[in-house]
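Since every read-out is calculated from the coordinates, none of them should be taken as a lab result. Note that the structure is a prediction, hence the values are computed from the model and not measured. Positions of Cβ are generated from backbone atoms using ideal geometry, with glycine treated the same way; all protein chains shown enter the neighbour counts.
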């Protein structure tokens, strides 16, 4: 969001449940954009979306459709929030293939129904009267970089902070996650960006 404001000089509204994330965003924004360009709302998104009808030119939700309950509920909410002719950008996971039950278990008991296939993500927006304008999916290299940087950051932190009492649990968690990704996730889970126009 900061990057969009920085590049296009727009005003924006950020909705985030966790105040710590908002505080971090404000610190980052302070170094890059004028104060007041972003309005920050620290609330559950489910309690905010009803306040804005035909209000925004663009609505963005990347990797956070769970905040409103699902992809379908997020698209419905943003369709109400965004003006006619405006745009909705969604970042959402999808199944590249049917997930192995062991993979779902390793994800903490996830269910296959939580995600759809790539084309089904597009068709869902279309079924609501949104016009699919563009979509792109993460490549295997994109995924490897994302997962690799995530794992490396934890490994680096624990190497540099060996006295942190949480290091052992952090390392066990990230190493287990990395094994899960390499065993099943890389071939099974995809991530796409979907741009719709509201009509």
> What full-extension length gain, to one decimal in nm, is calculated for residue 89 and residue 21 as 0.36 nm per residue of separation minus the Cα-Cα distance?
Replying inline: 22.4 nm
> Each label point is 7 Å from the Cα along the Cα-to-Cβ direction; what then is the distance between the points at residue 156 and residue 133, in nm?
Replying inline: 3.5 nm
> How big is the gap, in Å, between the Cα center of the range 1-36 and the Cα center of the range 87-154?
Replying inline: 26 Å
> Among 181, 103, 150, which one shows the biggest mean-square fluctuation in a GNM of the chain, springs joining Cα atoms closer than 10 Å?
Replying inline: 150
> Please state the relative contact order of the chain as a whole percent: Cα pairs under 8 Å, 6+ residues apart?
Replying inline: 24 percent
> Expressed in nm to one decimal, what extension gain is obtained for the pair residue 149 and residue 107 from 0.36 nm per residue of sequence separation less their Cα-Cα distance?
Replying inline: 13.2 nm
> Efficiency by 1/(1 + (r/R0)^6): what FRET value for residue 141 and residue 166, r their Cβ-Cβ distance, R0 = 35 Å, to the nearest 0.05?
Replying inline: 0.65
>> Quick check: residue separation of residue 3 and residue 28 times 0.36 nm, minus the Cα distance between them. What number comes out in nm?
In response: 8.0 nm
> Hey, rough spin-label estimate for residue 39 and residue 72, points 7 angstrom out along Cα→Cβ, what's it come to in nanometres?
Replying inline: 3.1 nm
> So what is Rg over Rh here for the range 141-181, counting just Cα atoms and using Kirkwood for Rh?
Replying inline: 1.02
> From the list (i) 23.8, 85; (ii) 18.7, 56; (iii) 17.2, 72, can you say which value of Rg and Dmax of the Cα atoms in Å was derived from the structure given?
Replying inline: (ii)
> Roughly what % of DSSP beta bridges within the range 59-199 run antiparallel, to the nearest 5?
Replying inline: 75 percent
> Counting pairs of alpha carbon atoms under 8 Å apart in space and at least six apart in sequence, what relative contact order in percent does the range 124-199 give?
Replying inline: 62 percent
> So how long is each side of the range 1-112 along the principal axes, counting just the alpha-carbon atoms, biggest first, in Å?
Replying inline: 49, 33, 26
> Tell me, what is the FRET efficiency for residue 120 and residue 97 to the nearest 0.05, using R0 = 22 angstrom and their Cβ-Cβ distance as r?
Replying inline: 0.95
> Which order do peptides 77-87, 169-179 fall in by mean Cβ count within 10 Å, highest first?
Replying inline: 77-87, 169-179
> Rounded to a whole number of µm²/s, how large is the Stokes-Einstein D of the range 104-164 at 25 °C and 0.890 mPa s, given Rh as the Kirkwood radius over C-alpha pairs?
Replying inline: 161 µm²/s
